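S.K.: The following block contains the structure, expressed as structure tokens.
The values are calculated or read from the model by the stated rules, or taken from the named source; none is laboratory data. What you see is a predicted model; the values in this text were computed from it and never measured. No Cβ is skipped: glycine too gets one built from the backbone with ideal geometry, and neighbour counts run over all protein chains shown. Please note that ligands, DNA and RNA were not included when accessible areas were found on the heavy atoms of the full protein model with its side chains. Shrake-Rupley method; radii C 1.70, N 1.55, O 1.52, S 1.80 Å.
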Amino acid sequence: RLVGAWAFVDHYGPDDISPSPGMQVPPHPHTGLQTVSWLLEGEVHHRDSLGSDTRIHPGELALMTAGPGIAHSEQSPAVHPRFLHGAQLW
């Protein structure tokens, strides 16, 4: 509560992920925060413990509110675009 609305910004890319599996963030927990993901290039598959299962495309925002707790993963699909580029606010 003392930090404010946003405490962390992560900017990634643009990265050429064609020779790799791309983003592979396994399930991990978040508690009491909100994240906004903004994708500029590529595609990200987001799944969480609430049952959400969605793909994020360039120009889209993904909003996740953790409340008392949520676990989620973020991965590039098996067949994915060459470049990955985005930002995330926590």
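S.K.: Step by step: first the residues of segment 6-32, then only those that are among the hydrophobic types (A, V, I, L, M, F, W, C) and surrounded by fewer than 11 Cβ atoms within 10 Å (Cβ to Cβ), then the one that is farthest from the chain's Cα centre (by Cα). Which residue is that? Even if it seems obvious, please write down each step before you answer.
M.R.: So in segment 6-32, the residues among the hydrophobic types (A, V, I, L, M, F, W, C) come out as 6-9, 17, 23, 25.
Keeping just the survivors that are surrounded by fewer than 11 Cβ atoms within 10 Å (Cβ to Cβ) gives 7-9.
Numbers: 7: 16, 8: 13, 9: 12 Å.
Here the answer is 7.
S.K.: Please enumerate the residues belonging to segment 47-66 that are in contact with a His (Cβ under 7 Å, 6 or more places away or on another chain) and of a type in the set (A, V, I, L, M).
M.R.: 56, 62, 64, 66, listed by residue number.
S.K.: So, in segment 36-90, how many residues would count as being aliphatic (A, V, I, L, M), open to solvent by 80 Å² or more (accessible area, probe 1.4 Å), more than 22 Å from residue 17 (Cβ to Cβ) and outside any strand (DSSP E or B)? If you could, list the steps in order and put the result at the bottom.
M.R.: From segment 36-90, those aliphatic (A, V, I, L, M) are 36, 39-40, 44, 50, 56, 61-64, 66, 70-71, 78-79, 84, 87, 89; that's our starting set.
Next, from what is left, pick out any that are open to solvent by 80 Å² or more (accessible area, probe 1.4 Å): 50, 61, 63, 78-79.
Keeping just the survivors that are more than 22 Å from residue 17 (Cβ to Cβ) gives 50, 63.
Those left that are additionally outside any strand (DSSP E or B): 50.
Residues meeting the conditions: 1.
S.K.: Scan segment 5-16 and report the pairs whose first residue is within 22 Å of residue 65 (Cβ to Cβ) and of a type outside the set (A, V, I, L, M) and whose second residue is part of a loop (DSSP other than H, G, I, E, B) and open to solvent by 80 Å² or more (accessible area, probe 1.4 Å), with Cβ atoms within less than 9 Å and a gap of 6+ or a chain change.
M.R.: Here the result reads 6/90; 8/90; 10/90, each pair linking segment 5-16 to a residue that is part of a loop (DSSP other than H, G, I, E, B) and open to solvent by 80 Å² or more (accessible area, probe 1.4 Å).
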